[in-house]
1. Please report the antiparallel percentage of DSSP beta bridges with both residues in region 239-382, rounded to the nearest 5.
2. List 145, 280 from most exposed to least, where exposure is judged by having the fewest other Cβ atoms within 10 Å.
3. Around residue 227, with a cut-off of 10 angstrom between Cβ atoms, what is the net charge of the other residues, counting Lys and Arg +1 and Asp and Glu -1?
4. Given a cut-off of 18 Å, name the pairs among 3/151; 225/294; 294/317; 3/132 whose C-alpha atoms lie farther apart than that in the structure shown.
5. Using the structure shown, select from 158/304; 10/140; 175/222 the pairs with a Cα to Cα distance greater than 25 angstrom.
6. Within 10 Å, count the other beta carbons around each residue, average over each peptide in 211-220, 147-156, and list them highest first.
7. Got a sec? How would 259, 21 order by Cβ neighbour count within 10 Å, fewest to most?
8. Amide H to amide H under 5 Å from residue 173: which residues, 5+ apart in sequence or cross-chain, H placed 1.01 Å off N in plane?
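What follows is calculated from the coordinates using simple rules that are stated; it is not laboratory data. Everything numeric in this text was worked out from a predicted model, so none of it was measured. All Cβ positions, glycine included, derive from the backbone under ideal geometry; neighbour counts span all protein chains shown.
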Amino acid sequence: MKKIENILTKYLNNEASVLELEELEIWLKNKSNEKKFIDYVKVKYLIDLNLNKFNTENSERKLLEFIAKEKKVKKLRRIRGFYKYAASIAILISLVYFYNQNGESKIQIDNILSESITLKMSDGSVKVIDEKGNFKIKDKEGNELGTQNEKAIIYNNKIKIEKLAYNTLTVPYGKRFTLKLSDGTKINLNAGSSLRYPVKFMEGQNRQVYVETGEAYFNVTKDPKHPFIVSNNNVNIRVLGTQFNVSSYPEDTNVSTVLVEGSVSLYDSGDVYKSEKATLLKPGYLADWNKTNKTIKIKKADVKVQTAWINGRIILKHMKFSHIIKKLERHYDVRIKNNNKSLGEELITATFDIETIEQVFEAIKEIHPIEYKIKEKIITIN
């Protein structure tokens, strides 16, 4: 199914080869695959429908025109099965449009978006990123911006641009993702994170990206002529080339920056950068920028603990259970209801990586007398 999903993605992005379309035709002839095909395309079209990219009048025409074009350009024989599926998709879109008038499909669309890694393009369209997929990322003009290779997107440095164009990558709970920007800078995004960045940096300008929410680990390519700036909640983090971690979830009172190597300077985003006024951070230290009063506190960091998430691990050292609930929710994509107030004050020391959420709570239960119930994605503790 993975190979077929890749071909379907290419088909929907006008990238399928002759051989791939022939393979898809054979797969489609199997009636048991009809629902799989419609369900797969349904997600793609629901996203576009939410962004008003499709309507009921031209959806069927566009699909049929695309197939006709493929046959003509690639000299394919008549693929009768495609017409039936194109019509099915058109009907599906019409039904979704109908439900949308009653406000019902928006809930379904929001659920799909909230559970998927999404890439918002500069024109406002949104692509759902399949973690097992491999495809080319193109703008509305057809320019190749980069490629997705499963859990990573690598941007192309050879494209020509006249002005900055931004993409936004959003990673939901329970997932992580990797970006490689056009300058070679590598960024790991943690669960529940969103990053806005240029598809390519402009010559003569700073390289600036925006952590809109969540956590990211940066391995910045050195370029003394173009400082790299990470902006989040009114604080700018300025670097030339280094490795550091930035965390700023909505429930956090601080923007936390942990420097692994190199050096970074922190300053108010409303100020013009002046080295003598900025706060310089040294390797192995953490800077907490208070979101409310804009003050900074520097302290020694436990780099291993604070960057463990990159490798899918959670390391807890004498942390109150009430403080780790959100970490568990993000990592495992669950919601935790804690009715045990005494447990909230208990200090937890543990390391989790391959354990399931049930195994995590069984481990906690061995030390602390609790009762818990797991129903779908909701965990209730008594």
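1. 85
2. 280, 145
3. Taking every other residue near residue 227 into account, the sum is +2.
4. 225/294; 294/317
5. 158/304; 175/222
6. Going by the mean number of other Cβ atoms within 10 Å, highest first, we get 211-220, 147-156.
7. Sorted ascending by nearby Cβ count, the order is 21, 259.
8. Amide H neighbours of residue 173, under 5 Å, 5+ apart: 192.
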